[in-house]
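Structure record follows, encoded as structure tokens.
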């Protein structure tokens, strides 16, 4: 645990379905405004969100983020492997239950990046946790480049007999951010997975293909950020989702020239101001 004035940074583990999952928290008891539960993207981990967590807690928002099953420092039978998308959703539900007991959170905002945005959206309709609002960063609502049918077929056939089968992650670090330090940190980060479990990939992909049908059922306020030049996830899929949302309290912010990780771009201070303005308006 590290204390910086009135801000506390802490880390630990909590139980989830016979596994121990790692988490980080950035919290304050002074002028607290609300709680945010964060969900990272595929193959990454909570440690990549330390700057965002510190920025939010300095403005009164406690920020909590877990490492999903098989990611980062969390346990998992195989790296990134899941039996169904419910495994990830259960992780989030158990994290909320843990925080409710140990941190007394009640109705948090959900923040999700990429796959985390997909999971946050589905979770908001799952009924396991009251949600004050959604903040989605480049959500995985569609791929920028179509995934070849042969790749999907091979993943399905082989993973059915060999659950440990994995595929190359195929994420070009140079497409994540214009900031060379961010790119270099991603390349050298030992906790970033370089391969994706085929079964997990298929479950996430199937969930993504259904997300547009779920949009009308999302009733909580929603703020979406998406980079105009995102080469990983399709910005147009975020537009379609936005227009189909079942809430009138919604905002879509397309970040000019930005790559996939909008909160790791050089103009992130302006995005943070917009995020805080939205949080404050919905936190009444």
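None of the figures in this text is laboratory data; all of them are computed from the coordinates on show. Because the structure is predicted, anything quoted here is derived from the model rather than measured.
Remark on the range 1-56: hydrodynamic radius 12.7 angstrom, per the Kirkwood mean of 1/r across alpha carbon pairs. For the pair the range 202-267 / the range 163-186, the C-alpha centres are spaced 20 Å from each other. Rg/Rh, computed from the Cα trace of the range 19-126 with Rh as the Kirkwood radius, has the value 0.95.
Of all the Cα-Cα pairs you can form in the range 2-282, what percent are over 29 Å apart? So the pairs more than 29 Å apart make up 27 percent of the total in the range 2-282.
Run lengths n ≥ 4 of DSSP H only: what is the helix-derived mean residue ellipticity at 222 nm for the chain, with -39500 (n - 2.57) per run over all residues, to the nearest 500? Working shown, then result.
Values: 8 runs with 100 residues, N = 284.
Helix-only estimate at 222 nm: -11000 deg cm²/dmol.
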